[in-house]
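Worksheet: one structure, shown below.
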Amino acid sequence: MAKRTEEHKDLTLFKNRLIALMEEKGEQYNSGRKLALALYEGRYFDNIDYNTNDGNNERKRNDIWRIEKQIEKHMNLETCDKVNGKYLIIYSSFFGCSTDYLLGITKVKSNNPKIREICEYTGLSEKAVVNLTYTLDEELSGVPLQYINEVWNVILESDLFDIIRWDWFSLCNQIGKSDNEMAEIEAWDKIKNDSKSDLMLFHEAKIETLKKNIGYYEDFFYGRLNKISREISMQLEASVKERYSSNQQHKKTVEEKIKMLKSLFANG
């Protein structure tokens, strides 16, 4: 059985992809035994006579045990070369992923070819694409499609798109530089008393300069965040007013209200 104390982050390994799918599915499937029971009860195997097993507990236990042993074997394989194709299809069906993901051909789990195509073409994460497709369903999202498309059009068609991506790029570079210099300061504090050579004294002066820069980096970081927030707010405000609060639209709404009120009082 795969050791639960190990890290399973390297998804280039088959065992880690399988274990990640098991853990994401829920605690009731996070072991070979639990998954074997779920697959048995879901009747995923066409070579098991489930009707006969209903009255034979020993045969049922043996079937579940055999499934469990196969799963635990898979949970220790770095490649899928020794995984029976039947199990790949069963895993794909149970976890709702593609066999290509299990095989390591793609990093996209979804068995929806459109989602995979969008992910691979744009570089967007699977979750991002799933969220986008979710918002395109008015019934699921609860927001009319017109408004969903409008807000994305506003961002992608305007200067805001370039502003956001370049500001994000600056933020990432700045935080990386800041973390690197803070690590150097911390490392210096641990070894500064080891010697008093001329080189150490020279480096001490450098560290003092780095310490003075930390405040600047923080101001830059939070200032850039505020800038992004302001730019988004200003662009959305301008676009909303242009679309829904123009003088022409306002006049039209006033005329409609006049007709409604006249009709109301006339009937009264």
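The values are calculated or read from the model by the stated rules, or taken from the named source; none is laboratory data. Computed from a predicted structure; not experimentally measured. Cβ coordinates were reconstructed from backbone atoms using ideal geometry, including for glycine residues, and neighbour counts include every protein chain displayed.
Any residue that is among the aliphatic types (A, V, I, L, M), loosely packed, with under 14 Cβ neighbours inside 10 Å and out of contact with any helix residue (DSSP H, G or I) (no Cβ under 9 Å at 6 or more places or on another chain) - is there at least one of those in region 171-183?
yes
Part of a helix (DSSP H, G or I), more than 30 Å from Ile115 (Cα to Cα) and under 23 Å from the mean Cα position of the chain (by Cα), is that true of Gly215?
Answer is no for this residue.
Does region 170-189 hold any residues that are touching a residue at least 12 places away in the same chain (Cβ under 8 Å) and out of contact with any His (no Cβ under 8 Å at 6 or more places or on another chain), and which are they?
Going through region 170-189, the residues touching a residue at least 12 places away in the same chain (Cβ under 8 Å) turn out to be 170-171, 174-175, 177-178, 181-182, 184-185, 188.
The answer is Ser170, Leu171, Gln174, Ile175, Lys177, Ser178, Glu181, Met182, Glu184, Ile185.
What number of residues within region 223-268 are touching a residue at least 12 places away in the same chain (Cβ under 8 Å) and among the hydrophobic types (A, V, I, L, M, F, W, C)?
Within region 223-268, the first condition is being touching a residue at least 12 places away in the same chain (Cβ under 8 Å), and the residues that meet it are 224-225, 227-228, 231-232, 235-236, 239, 243.
If we keep only those that are among the hydrophobic types (A, V, I, L, M, F, W, C) as well, we get 225, 228, 232, 236.
The number of residues fulfilling the criteria is 4.
Do any helices (runs of 4 or more DSSP H) entirely within region 51-169 hold 1 or more residues that are buried (at least 16 other Cβ atoms within 10 Å of the Cβ), touching a residue at least 12 places away in the same chain (Cβ under 8 Å) and of a type in the set (A, V, I, L, M), and if so, which?
Values: elements: 57-74, 85-95, 99-103, 113-122, 126-135, 138-141, 145-157.
Correct list: 57-74, 85-95, 99-103, 113-122, 126-135, 145-157.
Could you go through region 226-236 and let me know if any residue there is in the same structural domain as Glu181 (by TED's automatic domain parsing), of a type in the set (A, V, I, L, M, F, W, C) and farther than 30 Å from Asn149 by Cα.
no
Any idea which of (1) outside any helix (DSSP H, G or I); (2) touching a residue at least 12 places away in the same chain (Cβ under 8 Å); (3) within 32 Å of the chain's Cα centre (by Cα) is the one Ile48 doesn't satisfy?
Ile48 satisfies every listed condition except (3).
Residues that are modelled with pLDDT of 85 or more, exposed (fewer than 10 other Cβ atoms within 10 Å of the Cβ) and under 33 Å from the mean Cα position of the chain (by Cα): does region 184-197 have at least one?
yes
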